[in-house]
Structures are given as C-alpha cells and as structure tokens.
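Asks: Quick one: this structure, given as structure tokens, is what I'll be asking you about.
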Amino acid sequence: MKLVHTVEDLRAALRPFNSPVFVPTMGNLHDGHLALVRTGKPLGDVTVSSIFVNRLQFAPHEDFDTYPRTLQADCARLEQAGCDIVFAPPEKELYPEPQVYKVQPPSDLADILEGHFRPGFFIGVCTVVMKLFQCVFSDAKGPRYALFGKKDYQQLMVIRRMVQQYAMPITIVAGETQRAADGLALSSRNGYLSEAERAEAVQLSLALRALARDALAAAGSLLDKREALEAQAMRALAVRGWQPDYLTVRRRVDLQPPTAQDAVTPQSLVVLGAARLGSTRLIDNLEV
Ligand code: PAF
C-alpha cells in the first residue's frame, strides 16, 4: 500500500490504473470504514482511501481540534482491508488558499435534520468531497466508484444528489451501518464516550427501533400520530439524561415527512436520530 500526501503524488500513483474505487474518510477508522473498503475493492482496479479532517464541515464550537488523528493505526487497518493507496493531505495541500468557491446543496435536503442543527455542515462536506473526487477521479478512464456509509444517511443522499446534478461520472455505493455487539452504530466519535456513556449509548438505536415499530403499527394513522410518536421517542431518551436534537420518521426518497401514501408503504420510511450524551453527539438511523 502506498501513502501519499500531495495531489501530484496521488495522481502519479493512480496513473497505471483505469477504474478507481474511493472511500473518503476523516480517519480514526473503525470496522464501518473497513467494510466500505472491502465492499468497494472488487468493483475497480485500484482502491483509494483519503484521510482528511475537513475543517470546512466543522462549526467553530465543534470538535475539529480534538478529532482523533491516528494516521499510523489507520494505515495499518486500511492495508489489511486491501486498500492500495492512502491519500492523507496536510490542510495546506487541499486548501492552499481560503476555499471561497463552495458547493451549496439544496436547502430542502441539506438544511433539515443534520443541516438544521449543524448549519453549513453539508456545504463543507460537499465542497471537500467534490474536491477529493477531482483529485482521485480526474484522470480515470474507466468506471469510477465512491463509497459512503448509511450511518450518515443524509450525507449519502446529499452526495448522491450532488453527483447526479453535476453529471459526475461516478457511481455512489452505499455501505450498511456496522454495529457493535450491543447494537451501537460504529462511529469515530464513540471513542469520546466514558465507560458509563458507552454502556448507555445503545439507547439511541433502541429508541429509533421503538419509533420504527410505533410508526409501523400506526400505518394509516401515522400522519396524525407522527409528531406525538417522535416526541415520545425524544422523551424516552431525555429522561435517561440525553439531549436529543431530533428523532423523526421520514420518507427515504427525500427525507421529508411522510405523506399518506408513504405511511401505508413502510418500506419507503426511515427513522433518523441525533442526540447528545454528555458532550458527545451521536447520530443513527434505521430503514423501516
Ligand atoms: O463522513 C465523513 O467522514 C466525512 O463527512 C467525509 C465524507 C469524509 C467528508 O469529509
């Protein structure tokens, strides 16, 4: 496996290949990232992963400075998973000057849920992903693939729509959320949890599961009951000491509240949640 730090070295390393498979990450890798690498590997002739903590997608009060940087351990894990090239640029390489051109995703998709609680987050994500795509795919001659986990469900949708709107010749592949034995969705931020918080953390996925079950049971009357069910799910976490941002039932297709037709078509629904446990903000979701 090759480790490169500049765009020039990345392009040189990619030159002999036709069909790159790309897994963008911010490092501090867990089995969810490695599953994406393993899923992607057979799709092309070279597998590339990037490790870059993207300042643009963090608000000033968020954890950019403390986000774990674990390059050596990440490289060892990527190599084991079959990654061929790791692109780990310093900040000055991707942002040699202030990034004034930015990708503005549509507000109906990007200003709700995560975008509502983290204003500007998806602008930062889309801008860096667009830039990383330019670095990885610009010289490719064959099919191009990029993999994103369903754990960041809204991010996956925002990127899919960006690729479609800009007619980028890239196939976006979704990876299933990987979970710990107790059901907690794997996330780099789980490392922030104390022992007691780690034991409690699974409650977010349990609350989402209960909300999905209640939404299914409501079926035809989901439209009337949805807000009460969501409030009940948020309360269930709040009484345990969590600070929920949202737990909500949405349409899979556009993350808008379900219509009467969606309510009786459970496979069109997804439940999504974000909540703070102590100082750690966790997100999760479940396709109903
Ligand atoms: O999901 C992530 O880790 C990041 O948002 C991404 C896609 C690597 C962009 O910085």
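Asks: Go through segment 1-96 and tell me which helices (runs of 4 or more DSSP H), entirely inside it, have 3 or more residues that are within 16 Å of the ligand (Cβ to nearest atom) and closer than 20 Å to residue 186 by Cβ.
Replies: Values: elements: 7-14, 31-40, 71-81, 91-94.
Hits in segment 1-96: 31-40, 71-81.
Yes/no per residue for (1) of a type in the set (Asp, Glu); (2) under 18 Å from residue 156 (Cα atoms); (3) open to solvent by 10 Å² or more (accessible area, probe 1.4 Å):
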residue: 93; (1), (2), (3): yes, no, yes
residue: 97; (1), (2), (3): yes, no, yes
residue: 100; (1), (2), (3): no, no, yes
residue: 108; (1), (2), (3): yes, yes, yes
residue: 111; (1), (2), (3): yes, yes, yes
residue: 125; (1), (2), (3): no, yes, no
residue: 130; (1), (2), (3): no, yes, yes
residue: 139; (1), (2), (3): yes, no, yes
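Asks: Same structure again: Please find, among 206, 156, 147, the residue that is under 14 Å from the mean Cα position of the chain (by Cα), over 21 Å from residue 119 (Cβ atoms), outside any loop (DSSP other than H, G, I, E, B) and of a type outside the set (Gly, Ala, Ser). Talk me through it step by step, then tell me what you get.
Replies: Working: 206 fails: under 14 Å from the mean Cα position of the chain (by Cα); 156 fails: over 21 Å from residue 119 (Cβ atoms).
Just a single option satisfies the conditions, and that option is 147.
Asks: Being outside any helix (DSSP H, G or I) and surrounded by 15 or more Cβ atoms within 10 Å (Cβ to Cβ) narrows it down to one residue among 249, 253; which is it? Quick ask: steps written out before the conclusion?
Replies: Numbers: 253 fails: surrounded by 15 or more Cβ atoms within 10 Å (Cβ to Cβ).
Only one candidate passes the filter, namely 249.
Asks: Oh, and also: Would it be correct to say that residue 119 is over 18 Å from the mean Cα position of the chain (by Cα), away from the ligand (no atom under 15 Å from the Cβ), not in a helix (DSSP H, G or I) and not charged (D, E, K, R)?
Replies: Numbers: over 18 Å from the mean Cα position of the chain (by Cα): no; away from the ligand (no atom under 15 Å from the Cβ): yes; not in a helix (DSSP H, G or I): yes; not charged (D, E, K, R): yes.
No; evaluated as a whole, the condition is false for this residue.
Asks: Being within 13 Å of the ligand (Cβ to nearest atom), in contact with a Leu (Cβ under 7 Å, 6 or more places away or on another chain), under 24 Å from residue 51 (Cβ atoms) and not charged (D, E, K, R), is that true of even one residue in segment 182-199?
Replies: yes
Asks: What are the pairs with Cβ atoms under 6 angstrom where one residue, in segment 256-271, is closer than 14 Å to residue 287 by Cα and in a helix (DSSP H, G or I) and the other, located anywhere, is open to solvent by less than 40 Å² (accessible area, probe 1.4 Å) and of a type outside the set (S, T, N, Q)? Sequence gap at least six, or different chains.
Replies: Going by the 6 Å Cβ cut-off, the qualifying pairs are 263/222; 266/288; 268/262.
Asks: Another question, if that's okay. Kindly establish whether residue 22 is of a type in the set (Phe, Trp, Tyr) and without any contact (Cβ under 8 Å) to a residue 12 or more places away in the chain.
Replies: When the stated conditions are applied, residue 22 does not pass them.
Asks: Take residue 233 and decide whether it is part of a helix (DSSP H, G or I), touching a strand residue (DSSP E or B) at 6+ places or on another chain (Cβ under 6 Å) and buried (at least 20 other Cβ atoms within 10 Å of the Cβ). Don't jump to the end; show me each part of the working.
Replies: Values: part of a helix (DSSP H, G or I): yes; touching a strand residue (DSSP E or B) at 6+ places or on another chain (Cβ under 6 Å): yes; buried (at least 20 other Cβ atoms within 10 Å of the Cβ): yes.
So residue 233 fits the description; yes.
Asks: Whether any residue in segment 148-171 is small (Gly, Ala, Ser), closer than 29 Å to residue 241 by Cβ and either touching a strand residue (DSSP E or B) at 6+ places or on another chain (Cβ under 7 Å) or within 15 Å of the ligand (Cβ to nearest atom) (or both) is what I want to check. Step through it out loud before you land on a result.
Replies: Let us first name the residues in segment 148-171 that are small (Gly, Ala, Ser), namely 149, 167.
After this cut, where a residue has to be closer than 29 Å to residue 241 by Cβ as well, the list is 149.
Remaining after also requiring either touching a strand residue (DSSP E or B) at 6+ places or on another chain (Cβ under 7 Å) or within 15 Å of the ligand (Cβ to nearest atom) (or both): 149.
Yes, segment 148-171 contains a residue that is small (Gly, Ala, Ser), closer than 29 Å to residue 241 by Cβ and either touching a strand residue (DSSP E or B) at 6+ places or on another chain (Cβ under 7 Å) or within 15 Å of the ligand (Cβ to nearest atom) (or both).
Asks: Open to solvent by less than 40 Å² (accessible area, probe 1.4 Å), at positive phi and not basic (Lys, Arg): is that true of residue 183 in this structure?
Replies: On the way: open to solvent by less than 40 Å² (accessible area, probe 1.4 Å): yes; at positive phi: yes; not basic (Lys, Arg): yes.
The answer is yes for residue 183.
Asks: Shifting gears a bit: Would you call residue 128 outside any helix (DSSP H, G or I) and closer than 23 Å to residue 29 by Cβ?
Replies: Values: outside any helix (DSSP H, G or I): no; closer than 23 Å to residue 29 by Cβ: yes.
Judged against the criteria, residue 128 is not a match.
Asks: Further question on the same structure: In segment 210-218, is there at least one residue being part of a helix (DSSP H, G or I), of a type outside the set (A, V, I, L, M), on the phi < 0 side of the Ramachandran plot and over 23 Å from the mean Cα position of the chain (by Cα)?
Replies: Residues of segment 210-218 part of a helix (DSSP H, G or I): 210-218.
Those left that are additionally of a type outside the set (A, V, I, L, M): 213-214.
Then drop every residue that is not on the phi < 0 side of the Ramachandran plot, which leaves 213-214.
In the following step, the residues that additionally are over 23 Å from the mean Cα position of the chain (by Cα) were identified as 213-214.
Yes, the conditions are met somewhere in segment 210-218.
Asks: Out of the residues in segment 54-87 meeting the condition of being in contact with a helix residue (DSSP H, G or I) (Cβ under 6 Å, 6 or more places away or on another chain) and of a type in the set (Gly, Ala, Ser), tell me which one is farthest from residue 20 (Cα to Cα).
Replies: Only one residue tops the list, namely 81.
Asks: Right, another one. Could you tell me whether segment 34-43 includes any residue that is touching a residue at least 60 places away in the same chain (Cβ under 8 Å), touching an Asp or Glu at 6+ places or on another chain (Cβ under 7 Å) and of a type outside the set (Ser, Thr, Tyr)?
Replies: Among the residues of segment 34-43, not one is touching a residue at least 60 places away in the same chain (Cβ under 8 Å), touching an Asp or Glu at 6+ places or on another chain (Cβ under 7 Å) and of a type outside the set (Ser, Thr, Tyr), which makes the answer no.
The values are calculated or read from the model by the stated rules, or taken from the named source; none is laboratory data. Since the model is a prediction, treat every value here as computed from it, not as a measurement. Ideal geometry is used to build each Cβ from the backbone, glycine not excepted, and the neighbour counts take in all protein chains shown. Surface accessibility is based on the protein's heavy atoms, side chains included, excluding ligands, DNA and RNA. Shrake-Rupley method; radii C 1.70, N 1.55, O 1.52, S 1.80 Å.
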